[in-house]
Amino acid sequence: MTEIAFHFNAPDKLAYVCRFARKALRHGAKLVILGEASQLTRLSAQLWGVSPVDFLAHASQADGTQMFAASPIVLAQHLQDLPHHEVLVNLTPQVPADFEHFARVVEIVSSSDEMDRHEARARWRDYAARGLSIVRHDLQLKS
């Protein structure tokens, strides 16, 4: 059964995705980050420049089959034809179709965007209605 985790109160969602991705890679995980094209473009730039001496290599389907298949971080606008199904980071406003193909789904929720928070509550209810247990991570409590 897919493990669902909500990470609440992210001051900057894309910056948090970068930190989460770096930590996941250090633990050997492979990620698919699902989002809209403009959001993934901004995220890609941030992943390449995580710090002055660090970057997180990633690919999208536009980068070619070989690079896409080899990348531990995949940026995707849909969940078809993916090279791996370990961890899904969902940046879309709805529960993704076929999310259950992944071992883990991570939902990241803004601390200041009320619409994002409202949409996250709807996703939480959807996952709960499917009988999935949900792990909650309050990022304000960790800082």
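The values are calculated or read from the model by the stated rules, or taken from the named source; none is laboratory data. All of these numbers come straight from a predicted model, not from anything done at the bench. Every residue, glycine among them, receives a Cβ derived from its backbone with ideal geometry; neighbour counts consider all protein chains shown.
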Pairs please, first residue from the stretch 78-95 and touching a residue at least 12 places away in the same chain (Cβ under 8 Å) and within 16 Å of Gly28 (Cβ to Cβ), second anywhere and assigned to a strand (DSSP E or B) and of a type in the set (D, E, K, R), Cβ atoms under 6 Å, 6+ apart in sequence or on different chains. Val87/Arg104
From (1) surrounded by 16 or more Cβ atoms within 10 Å (Cβ to Cβ); (2) at pLDDT 95 or above, pick out the condition that doesn't hold for Ala59. (2)
For the stretch 92-101, check the following and say yes or no: at least one residue is surrounded by fewer than 21 Cβ atoms within 10 Å (Cβ to Cβ) and in contact with a Pro (Cβ under 9 Å, 6 or more places away or on another chain). no
Arg104 passes all but one of the listed conditions (1) surrounded by 13 or more Cβ atoms within 10 Å (Cβ to Cβ); (2) modelled with pLDDT under 95; the exception is number (2)
Out of (1) touching a residue at least 12 places away in the same chain (Cβ under 8 Å); (2) out of contact with any Asp or Glu (no Cβ under 6 Å at 6 or more places or on another chain); (3) of a type in the set (Ser, Thr, Tyr), the odd one out for Ser110 is which? (2)
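To keep it simple, each residue is scored yes or no on (1) within 25 Å of Ser112 (Cα to Cα); (2) assigned to a strand (DSSP E or B); (3) of a type outside the set (Val, Ile, Thr).
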site: His7; (1), (2), (3): yes, yes, yes
site: Thr41; (1), (2), (3): yes, no, no
site: Leu47; (1), (2), (3): yes, no, yes
site: Gln66; (1), (2), (3): no, no, yes
site: Ala69; (1), (2), (3): no, no, yes
site: His78; (1), (2), (3): no, no, yes
Is there a residue in the stretch 117-128 that is part of a strand (DSSP E or B) and either farther than 19 Å from Leu43 by Cα or within 16 Å of the chain's Cα centre (by Cα) (or both)? no
Exclusive hit being more than 24 Å from Arg121 (Cα to Cα) and either at pLDDT 90 or above or among the small types (Gly, Ala, Ser) (or both), set Val53, Val74, Val89: Val74
Flagged in the stretch 45-55 as surrounded by 14 or more Cβ atoms within 10 Å (Cβ to Cβ) and over 21 Å from Thr92 (Cα atoms), in numbering order, are Val50, Phe55
